[in-house]
1. Does the range B:136-147 contain any residue that is in a loop (DSSP other than H, G, I, E, B) and under 14 Å from the mean Cα position of the chain (by Cα)?
2. Name the residues in the range B:33-50 that are more than 9 Å from DNA strand D (Cβ to nearest atom) and assigned to a helix (DSSP H, G or I), would you?
3. From (1) open to solvent by 40 Å² or more (accessible area, probe 1.4 Å); (2) within 14 Å of chain A (Cβ to nearest Cβ), pick out the condition that doesn't hold for B:His7.
4. Within the range B:1-18, count every residue that is at pLDDT 95 or above and touching a Lys or Arg at 6+ places or on another chain (Cβ under 7 Å).
5. For the subset of the range A:33-42 comprising residues that are open to solvent by 50 Å² or more (accessible area, probe 1.4 Å) and within 8 Å of DNA strand C (Cβ to nearest atom), which member is farthest from the other protein chains (Cβ to nearest Cβ)?
6. Within the range A:4-17, is even one residue acidic (Asp, Glu), part of a helix (DSSP H, G or I) and free of Cβ contacts under 8 Å to residues at least 12 places away in the same chain?
7. Tell me, which residue of the range A:45-65 that is open to solvent by less than 60 Å² (accessible area, probe 1.4 Å) and more than 16 Å from DNA strand C (Cβ to nearest atom) is farthest from the other protein chains (Cβ to nearest Cβ)?
8. Kindly indicate whether B:Ala68 is closer than 30 Å to A:Gln19 by Cα, under 15 Å from the mean Cα position of the chain (by Cα) and either assigned to a helix (DSSP H, G or I) or more than 10 Å from every other protein chain (Cβ to nearest Cβ) (or both).
Number of protein chains: 2
Amino acid sequence: MTAPRTHGPRERMVFAAAQLIRRDGVGATGMREVAARAEAPRGSLQHYFPGGKEQLVNEAVTWAGHYAGKRIARYLATLPEPTPGALFAAMTRQWIDEFEATGFGTGCPVAAATVDSTASTPSAREATSTAFAAWTTPLTAALTTLKVPAARAPALATLMISTVEGAILMARAHQSTAPLATVTAELAPLLDAAATG
Amino acid sequence: MTAPRTHGPRERMVFAAAQLIRRDGVGATGMREVAARAEAPRGSLQHYFPGGKEQLVNEAVTWAGHYAGKRIARYLATLPEPTPGALFAAMTRQWIDEFEATGFGTGCPVAAATVDSTASTPSAREATSTAFAAWTTPLTAALTTLKVPAARAPALATLMISTVEGAILMARAHQSTAPLATVTAELAPLLDAAATG
DNA sequence: TCAGTATTATGACGGCTGTCATAGATTGCA
DNA sequence: TGCAATCTATGACAGCCGTCATAATACTGA
C-alpha cells in the first residue's frame, strides 16, 4: 500500500508517516523512511515541515483522527439496520477485515502516538487529543441520529472508541480478531438499548 | 517512584524497564536509562539479560501482565459490594487515582509494547499476548466468582480489559480522567446484569 | 528573458543507541 | 587460604537518528 501519487508530496508524506507510525510506533519511524515511502524527495522534509519530526507526526495524527471521523458518516449511510450496535459493528468490522487482509502488523496511529509521545512533547499530546475529538464528535452526532438521547450520546461515543481501541490492542497482541468480535457482540445490546423508540 | 532497593538488581531493572516503557514507549526507552533508574550497574545488563533489550523488554511486559492479574484478586477481596460492575470500577479507580496523583505521563506498559513492537519482533508480540492472558485469566475467574456464567465470563473479561485500555489512552490524550469515569458508569449495568442471581 | 520564489539535492554534524570485548572486583565454597 | 563462579566496570564500535547548511534546480509570473 503505497501513498497515492495523485496527491502532492506533502500530503503523501503525511500519509506515509501515519502508515509507518501505526505499524512501528512514533519512535521507530524515521524521517528518511517516511520520505522514501512517500516517494518524496528527502529535501522536501525540511521545506514542508520546518517544525521537524514533531510537526510531521502531529499532522499525521491529526489527519488520522479526521479520517476516522469522516468514516463514521459513511458507515451510517450504509447500515442496513441503523442501530447503535450495528454502527459499532461496522467500526469493528473495518478492523477485522483489515487484519484478515493484511495481518496484524498495523494498528491505530492515534493510539501509537498517545503511547509514544504523551509524556514527552506537549504538542504531540494536543494532537492526539484533537484526533480523538475529531473521531468522537461525528460519532456522537451519528448516535443522536440513531435516536440516542443527546445527553447519553457523548458517553456512548467515548465507550465505543475506548472499547474498539483496546480491542485493537488485544487483537494485535493475540494475532486474532476474536477480541473485536467479542466486544462487538457484548456491547451491542447495551448500545441498542440506549436508542429510544 | 524509584525501584525498591530491597530487591535484587535484576528485578529492579525489569521493574525500571516497565516504568520507563509505560511512560516513553519501548523505542524511547534506553538500556543505560534503565540501569540508571534501577540504580543498577550498567555492566549487569549484559550479564542478566544476554538476550539484550529484547529480553529485558519482554520480561518487563510479562511482569506487568502478571502484576495486573494479581491485582484482580486484591480488588475482589476489598469490594464492599461484590458485583462485576464494582470490580470494573475498582480497576478504573486505580487508574483514576494514579492519574490524579502523578499526572498523565504514564500509561500501560503492555499497551505500549503492543503498539511499539508488535510488527517488528515476534518474541515481543508473544510477550504482549502472554501479558494480556495473565491479566484476562484471573479476571475471568473473578467474574465467575461473582456469579457470571462460565460461558460468559471470558467475553466480559475481554470487554473489560479492552475498554479500560482504550479509556486509558483517551484519558492520557485528553489529560482527563473523564473517559475512565464515563466507561465505568456506562458499562456497570451491562456487567451487573450478567451476574445471575 | 529575467527575477524571484518554490522546491529539491546532498553532505555533514553531533548525539544517542544497542552491543560487544575485555578486564577488574567481589563473592561463596572447599 | 585459594580457586571458581558470579558480578561489575569501562571503553569502543558501528549504525542510525533528526537536524542543519548550502547549493543547485525548477517553476512562475512579469
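1. no
2. B:Glu33, B:Val34, B:Ala36, B:Arg37
3. Among (1) open to solvent by 40 Å² or more (accessible area, probe 1.4 Å); (2) within 14 Å of chain A (Cβ to nearest Cβ), the lone unmet condition for B:His7 is (2).
4. Selection size over the range B:1-18: 1.
5. Here is the first cut: in the range A:33-42, the ones open to solvent by 50 Å² or more (accessible area, probe 1.4 Å) are A:33, A:36-37, A:39, A:41-42.
In the following step, the residues that additionally are within 8 Å of DNA strand C (Cβ to nearest atom) were identified as A:41-42.
Numbers: A:Pro41: 26, A:Arg42: 21 Å.
Looking at residues that are open to solvent by 50 Å² or more (accessible area, probe 1.4 Å) and within 8 Å of DNA strand C (Cβ to nearest atom), I get A:Pro41.
6. Of all residues in the range A:4-17, those acidic (Asp, Glu) come to A:11.
Next, only the ones that are part of a helix (DSSP H, G or I) stay: A:11.
In the following step, the residues that additionally are free of Cβ contacts under 8 Å to residues at least 12 places away in the same chain were identified as A:11.
Yes, that holds for at least one residue.
7. Among those that are open to solvent by less than 60 Å² (accessible area, probe 1.4 Å) and more than 16 Å from DNA strand C (Cβ to nearest atom), it is A:Ala60.
8. Working: closer than 30 Å to A:Gln19 by Cα: no; under 15 Å from the mean Cα position of the chain (by Cα): yes; either assigned to a helix (DSSP H, G or I) or more than 10 Å from every other protein chain (Cβ to nearest Cβ) (or both): yes.
In short, no.
The values are calculated or read from the model by the stated rules, or taken from the named source; none is laboratory data. All of these numbers come straight from a predicted model, not from anything done at the bench. Note that each Cβ is placed from the backbone with ideal geometry, even for glycine, and that neighbours are counted across all protein chains shown. Keep in mind that these areas ignore ligands, DNA and RNA; they rest on the heavy atoms of the full protein, side chains included. Shrake-Rupley method; radii C 1.70, N 1.55, O 1.52, S 1.80 Å.
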